[in-house]
1. Hey, among R100, R22, R55, which residue is open to solvent by 40 Å² or more (accessible area, probe 1.4 Å), outside the structural domain of L130 (by TED's automatic domain parsing) and in a loop (DSSP other than H, G, I, E, B)?
2. Only one of S239, S268, S230, S187 is open to solvent by 50 Å² or more (accessible area, probe 1.4 Å) and within 20 Å of R97 (Cβ to Cβ). Can you tell me which?
3. Suppose we filter the stretch 121-180 for residues that are assigned to a loop (DSSP other than H, G, I, E, B) and not aliphatic (A, V, I, L, M); how many remain?
4. Quick test for you: out of L109, L115, pick the one residue that is assigned by TED's automatic domain parsing to the domain that holds S230 and open to solvent by 80 Å² or more (accessible area, probe 1.4 Å).
5. Restricting attention to the stretch 1-19, which residues are surrounded by 14 or more Cβ atoms within 10 Å (Cβ to Cβ), among the hydrophobic types (A, V, I, L, M, F, W, C) and farther than 18 Å from T126 by Cα?
6. Could you say which residue among I247, I211 is away from the ligand (no atom under 12 Å from the Cβ), within 20 Å of the chain's Cα centre (by Cα) and not charged (D, E, K, R)?
Amino acid sequence: MVASAGVIIDPDRCDGCGVCLRVCPARAFSLVAGRAGLTGECRLGCDHCAAACPRAAITVEIPEPESFAFAGFEPSVGPERRPVALADLVALMRVRRSCRVYRDGEVPLSQLADLVRIAITAPSGTNSQLWSFTIIPTREKMLLFGRAVAAFYERLNRLAAKAWLRKLLKICGRRELDDYYREYYASVCEGLESWRQGSDDRLFHGAPAAILVASRPGASCPVEDALMASQNIVLAAESMGLGSCLIGFAVEALRRDRRVGAVLGIPSQEKVHAVIALGRPAVSFRRPAARRRAPVRIV
Ligand SMILES: Cc1cc2nc3c(=O)[nH]c(=O)nc-3n(C[C@H](O)[C@H](O)[C@H](O)COP(=O)(O)O)c2cc1C
């Protein structure tokens with residue numbers, strides 16, 4: 001056995017076909033006396049060499065590997081798997097709509113845990129996998145989170161209401177507060193009022209659960225990683241019959257005020273990039289979303 005950087009090659013199994021040389025993004029392999037050898041550095045731990053080796057001659061040791069044992073289903077992922085029909089895949093993408101009306105009742109924790117496992121099948125920059133997930137499984141905890149978000153917007157609105165402050169910041173080249181005042185101040189005032197009265201949850205739309213997707217320090221592409229994982233969650237939720245809605249207002253509060261994440265025990269060095277409200281939808285849509293034509297440049 002030849003071992004290096006978590007990659008183990010069994011020379012008795014290797015027949016020198018060279019597939020590992022071609023798939024390795026780091027070009028870390030070469031043929032040595034007709035057998036694969038790890039002559040370069042393996043930093044990604046992407047496992048492509050082991051997954052592609054037709055003779056199962058390579059093992060990549062993954063620290064703390066996820067089991068991918070799902071509670072609700074068993075995906076067929078072996079070489080015998082059928083490709084997902086494109087029509088089904090695109091239908092899933094097209095029928096997903098943001099859900100803002102939920103039925104009563106919790107989402108089982110096992111389903112939320114499955115969504116996190118599905119999330120981490122996403123790619124990540126340099127395979128860093130430096131993400132983290134916070135599951136909020138009950139409406140009670142959603143309200144706790146919501147109160148912290150509302151407190152943040154109460155503070156922000158108090159600042160934004162000061163015309164002199166908006167003007168001063170604008171003179172200093174900082175337009176954000178003035179932009180916020182014009183775009184959101186009035187509707188946030190209304191939302192806060194109905195939150196205070198407990199009449200209408202315009203933040204989470206009454207969702208009984210949420211998953212927060214964050215990055216941990218050191219990720220090369222933290223935002224992209226989190227959003228790839230988030231898209232997995234919303235599509236998988238749709239397939240499970242759950243409604244979902246990204247809540248940008250909550251992300252903004254988490255980004256700007258540590259106290260908001262602290263109520264959920266999120267360490268200050270983690271950055272939340274997506275808050276995905278989840279629950280059983282109370283309304284079904286008769287047709288998919290209309291979209292404006294996107295500008296496409298062919299060069
Ligand atoms: C990054 C992001 C942030 C969003 N934030 C909110 C939000 O705070 N509240 C909300 O009700 N919807 C939010 N949405 C949902 C969008 O309004 C919705 O995706 C858009 O109107 C298109 O509708 P559809 O998702 O049904 O296709 C957000 C969506 C994205 C992608």
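The values are calculated or read from the model by the stated rules, or taken from the named source; none is laboratory data. Every value quoted in this text rests on a predicted model; they were computed, and no experiment measured them. Here Cβ is always computed from backbone atoms with ideal geometry, including for glycine, and neighbour counts include all displayed protein chains. Protein only, heavy atoms only, side chains kept; ligands, DNA and RNA dropped before computing areas. Shrake-Rupley method; radii C 1.70, N 1.55, O 1.52, S 1.80 Å.
1. R55
2. S239
3. Residues meeting the conditions: 12.
4. L109
5. V2, I8, I9, C14, C17, V19
6. None of the others qualify; the one that does is I211.
Each row is one residue, and each column tells you yes or no for (1) part of a helix (DSSP H, G or I); (2) β-branched (V, I, T); (3) farther than 13 Å from W131 by Cα; (4) at pLDDT below 95.
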position	(1), (2), (3), (4)
A229	yes, no, no, no
N232	yes, no, yes, no
S244	no, no, yes, no
E252	yes, no, yes, no
V260	yes, yes, yes, no
I276	no, yes, yes, no
